[in-house]
Amino acid sequence: MSDCIFCKIANGEIDSKLIYEDETVAAFRDLNPQVPEHILIVPKKHVAKITDFTEEDKNLAAHIFVDVVHEIAKKIGVDENGFRLVVNTGEDGGQTVPHLHVHLLGGRKMTWPPG
Ligand code: DGP
């Protein structure tokens with residue numbers, strides 16, 4: 001989508017340091033990190049929110065959660081100690097950027113419940 005900031009970052013239209021990239025997925029550091037390691041994982045194609053994933057996106061969704069999360073966790077060194085994944089969805093979910101993104105949060109011990 002032409003005016004979507006995460007589309008622009010993921011597809012290289014804005015010069016950003018990607019921490020991970022393949023044909024369908026990109027990941028980069030959050031502009032406003034909440035923890036020492038705060039990465040956003042996004043599909044390159046525009047999907048506004050997780051409930052907009054369709055049948056044809058099943059491989060993409062699995063790729064993100066099976067392959068990409070693990071690879072990034074290893075890369076930033078949080079795979080052994082652990083990390084948290086968050087997908088804020090819609091207004092009540094606290095989603096502020098309408099392009100599906102998985103927050104990978106790590107580098108310190110998390111508390112529960114979240115606010
Ligand atoms: P959410 O509230 O789940 O929609 O999270 C959106 C996150 O995106 C928030 O933590 C800040 C981050 N963010 C917003 N704009 C930019 C940007 O232009 N670049 C980067 N790297 N992160 C951004």
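Laboratory data are not the source of any read-out in this text; all were calculated from the coordinates shown. Since the model is a prediction, treat every value here as computed from it, not as a measurement. Glycine also receives a Cβ, built like all others from the backbone with ideal geometry; neighbour counts cover every protein chain displayed.
Results, tabulated for the structure shown:
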read-out: Residues of the stretch 25-79 satisfying the condition of being away from the ligand (no atom under 14 Å from the Cβ), assigned to a loop (DSSP other than H, G, I, E, B) and not hydroxyl-bearing (Ser, Thr, Tyr); value: Pro36, Lys44, Lys45, His46, Phe53, Gly77, Val78, Asp79
read-out: Any pair with Cβ under 7 angstrom, 6 or more apart, that starts in the stretch 12-34 at a residue that is touching a residue at least 12 places away in the same chain (Cβ under 8 Å) and ends at one that is surrounded by 12 or more Cβ atoms within 10 Å (Cβ to Cβ) and hydroxyl-bearing (Ser, Thr, Tyr); value: Ala26/Tyr20; Ala27/Tyr20; Phe28/Ser16
read-out: Count of the stretch 2-24 residues which are assigned to a loop (DSSP other than H, G, I, E, B) and more than 10 Å from the ligand (Cβ to nearest atom); value: 10
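Conditions (1) over 19 Å from Lys17 (Cα atoms); (2) surrounded by 15 or more Cβ atoms within 10 Å (Cβ to Cβ), marked per residue:
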residue: Pro43; (1), (2): no, yes
residue: His46; (1), (2): yes, yes
residue: Glu56; (1), (2): yes, no
residue: Asn59; (1), (2): yes, no
residue: His63; (1), (2): yes, yes
residue: Val68; (1), (2): no, yes
residue: Thr89; (1), (2): yes, yes
residue: Thr96; (1), (2): yes, no
residue: His99; (1), (2): no, yes
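Per-residue answers, yes or no, for (1) of a type in the set (Ser, Thr, Tyr); (2) more than 24 Å from Asp3 (Cβ to Cβ); (3) free of Cβ contacts under 8 Å to residues at least 24 places away in the same chain; (4) touching a Phe, Trp or Tyr at 6+ places or on another chain (Cβ under 6 Å):
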| site | (1), (2), (3), (4) |
| --- | --- |
| Glu37 | no, yes, no, no |
| Ala48 | no, no, no, no |
| Ala61 | no, yes, yes, yes |
| Lys75 | no, yes, no, no |
| Gly82 | no, yes, no, no |
